[in-house]
Amino acid sequence: MATSRKLSLLGLRFEPTRVLSTALATMLNQHRDRAFPDYDFLMGALRAQNWKSLLDWSKHHSSPLPSSYAEQGLDQMEVYLIRREFVALFRKFQFLPDESGQDPEAAATSAYKANEHRCSRYNRKLRLLLGNPANLTLHRVKGTTGLVMEERLQLYQFLDGCRKWIKLVLGSRPNMTDIYSKCDFGGGASVGVHGEATNVGRKILARRLTVTPSCAPIAFAAWMANPHLRSLLCPAGADQDLVSDETYYWTFRKRMRLVSYNKLEFVPKTAMVHRAIATEPLLNGFVQKGIDLVMRQKMLKHGIDLKYGWKFNQIWARAGSHERDDGFATLDLSSASDTICTELVKFLLPNEWWSLLNSARSPAVRHHNMYHRVEKFCSMGNGFCFPLETLIFASFARQAAIHNGQSPRFLTFGDDIIVKQSVVPLLIKRLGDVGFILNQEKSYWSGEFRESCGADWVRGREVTPVYMRKRISDVTQLVAFHNSLYSKCFGEVNPFPLVTRALRELVPASIRPVELYRPGSKPFNTGFVVPQDEFMASPLTRWDATTGSWQCIELSSVPCPDQFEHPLRNAVEYLSVLRGASGAQPLSLRRKTRTRVGYLDTRGRDYDLMVASGRYLPSNN
């Protein structure tokens, strides 16, 4: 006889630090004797919730353990990996300031100001060096002055080689028709459109279209080049072919709001410091997207893939982790986009490309109602920042290899650079000459460790830890982290079984969704990934004789729809579908999802859902 019971799964909430403490404490207890000689200190700090002490400890205990552990008969690599994962669990956790004793936003603000000052100095330096190159040929005599001038001449010749190659990649001038056809809106926030509702509908129908004065003509031309956007400016009931360009212009002009700045914002990076990003004016972002796509196409023709290039970086990093003569080195830069000084970009880009990019960027930044002219050319949040910095670093890597008399073998993906070991000294020097800062903690050109594009390798073995980057407060977030730790950590299957079990036990067994582990497949994150015996023993799984398959409770999340009324909403939804949005829900909120619970058989067939007020009432046969 069937019985019924309530499943209040969706209403279950966790204290984020409790989830973190559970994982850390379980890992400490499991490997106390093997990997944590400092167990007493760590457990004491954990019990006292003294996160500041743990963060301070992590700064000095992220390196491999000393050889004495190997002498005790323990596998040094395994001990290193355990401690590495322990640090990764809280190193990038989003602590609140009163929890960690840290102020990551203040640290990010300080770093941002320091980078602005650095860009200012290097702008002056490069203005003197590159403004009148004829002066470099004078005073080439023996002595200190002669040596300085010789070094400056070599730097100029190096940058000139980079400039010629960039011109070969981009061409002498941009094809504006091609750029106009690719201008589009992204999903992030803009000046005037922020919060959760930042979809394309909110941006197209914004009451005020923010744009910098230099970008306004480009934005208008790009808008008019898109027939769907053009129709939205057409008066109601009017024939587009009969509306004059002047009418379109003044309709556009009435909605346009001129600004001269982007907004400085911060997003989590680590527990100690946030990452500074720029929220661009709405139409600047629209134009920057078109420039971004055209640059990506041109770079792809020269072997720089900005869509799947991260995969090749990871493959080359793995090859570099096998110690050999003149193998691959992986380099990473600190605050790369925030240290691209304006004078460097002005020299490297062809004149018409420079004029276009300079017009589309924001010349000033707003922070706490204060306005400052920026010394950097662009920062994260700018639509073409990523391809631009990739192109610049690619030109440096290529030129450094040629200067060494080698064929240019390199990969760049943002500020993740891979070159031959013999190229590293010159490349580091030239990057430093124009203001870039090498990240010593994440750059490797000797030994057997390599890291690039989020993948870490030692002697060909993947040792990438799993980070707890978010404050886990609900079941869907807990499931996603659990499954990452179960199946992704160090390229193995569940290297921390007691930790994953402790995480599962945070949810009562009677309402704990599970998912069958499938070797070689990524988890669907419909439940906690478990082996077959635990899956079949779960009270929430059942055998369906009619389909000949097992059924289990599944979690599925869909974006929350953006509910707003506007006379042109249907037209914008149609445009969103043409851009690739889901036809069922083309306009949705950012970072907001709706989770539902139901049964799913192991062959992937959906069954009827019975969801009411966040509660599911299953029946066990």
* Candidates GLY195, GLY201 - the one that is of a type outside the set (Asp, Glu), assigned to a loop (DSSP other than H, G, I, E, B) and open to solvent by less than 40 Å² (accessible area, probe 1.4 Å) -> GLY195
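Residue-by-condition table, conditions (1) modelled with pLDDT under 90; (2) under 30 Å from ARG207 (Cβ atoms):
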| site | (1), (2) |
| --- | --- |
| ASN494 | yes, no |
| ARG504 | no, no |
| SER521 | yes, no |
| CYS552 | yes, no |
| LEU568 | yes, yes |
* Structure fact -> Note on GLN585: of the conditions (1) modelled with pLDDT of 90 or more; (2) open to solvent by 40 Å² or more (accessible area, probe 1.4 Å); (3) farther than 19 Å from ALA480 by Cβ, unmet is (1)
* To do: Please work out which one of (1) modelled with pLDDT of 90 or more; (2) touching a helix residue (DSSP H, G or I) at 6+ places or on another chain (Cβ under 8 Å) is the condition ARG18 fails and give its number.
  => (2)
* Asked: So PHE535 clears everything in (1) without any contact (Cβ under 8 Å) to a residue 24 or more places away in the chain; (2) surrounded by fewer than 20 Cβ atoms within 10 Å (Cβ to Cβ); (3) farther than 28 Å from SER321 by Cβ; (4) not polar (S, T, N, Q) except one condition, right? Which one?
  -> (2)
* **Filter result (over 24 Å from the mean Cα position of the chain (by Cα) and exposed (fewer than 15 other Cβ atoms within 10 Å of the Cβ)) within segment 430-476** => GLY432, SER446, GLY447, ARG459, GLY460
* Structure fact -> Among VAL514, VAL529, VAL577, VAL572, the single one that is under 24 Å from ASP184 (Cα atoms), aliphatic (A, V, I, L, M) and open to solvent by less than 60 Å² (accessible area, probe 1.4 Å) is VAL572
* State which residue pairs qualify: first residue closer than 12 Å to VAL87 by Cα and inside segment 16-37, second residue open to solvent by 30 Å² or more (accessible area, probe 1.4 Å) in any location, beta carbons under 8 Å apart, and separation of 6 or more residues or different chains. => MET27/LEU498
* To do: Working only within segment 88-103, note down all residues that are surrounded by fewer than 19 Cβ atoms within 10 Å (Cβ to Cβ) and out of contact with any strand residue (DSSP E or B) (no Cβ under 9 Å at 6 or more places or on another chain).
  => LEU96, PRO97, ASP98, GLU99, GLY101, ASP103
* Kindly state which helices (runs of 4 or more DSSP H) lie completely within segment 241-320 and contain at least 1 residues that are under 21 Å from the mean Cα position of the chain (by Cα). => 282-300, 309-320
* Asked: Restricting attention to segment 290-299, does a residue exist that is in contact with a Cys (Cβ under 7 Å, 6 or more places away or on another chain) and crowded, with 18+ Cβ neighbours inside 10 Å?
  -> yes
* Go through (1) within 23 Å of ASP160 (Cβ to Cβ); (2) of a type in the set (S, T, N, Q); (3) without any contact (Cβ under 8 Å) to a residue 12 or more places away in the chain one by one and return the number of the condition ASN404 breaks. => (3)
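Need a quick list: strands (runs of 3 or more DSSP E) entirely within segment 347-418 having at least 1 residues that are open to solvent by 10 Å² or more (accessible area, probe 1.4 Å) and modelled with pLDDT under 95. Lay out the reasoning, then the answer.
Values: elements: 364-367, 370-373, 411-413.
The strands (runs of 3 or more DSSP E) meeting that bar are 364-367, 370-373.
The values are calculated or read from the model by the stated rules, or taken from the named source; none is laboratory data. Keep in mind the model is a prediction, meaning the values are calculated, not measured. So basically every Cβ, Gly included, is an ideal-geometry build from the backbone, and we count neighbours across all protein chains shown. All accessible areas refer to the heavy atoms of the entire protein, side chains included, with ligands and DNA or RNA removed. Shrake-Rupley method; radii C 1.70, N 1.55, O 1.52, S 1.80 Å.
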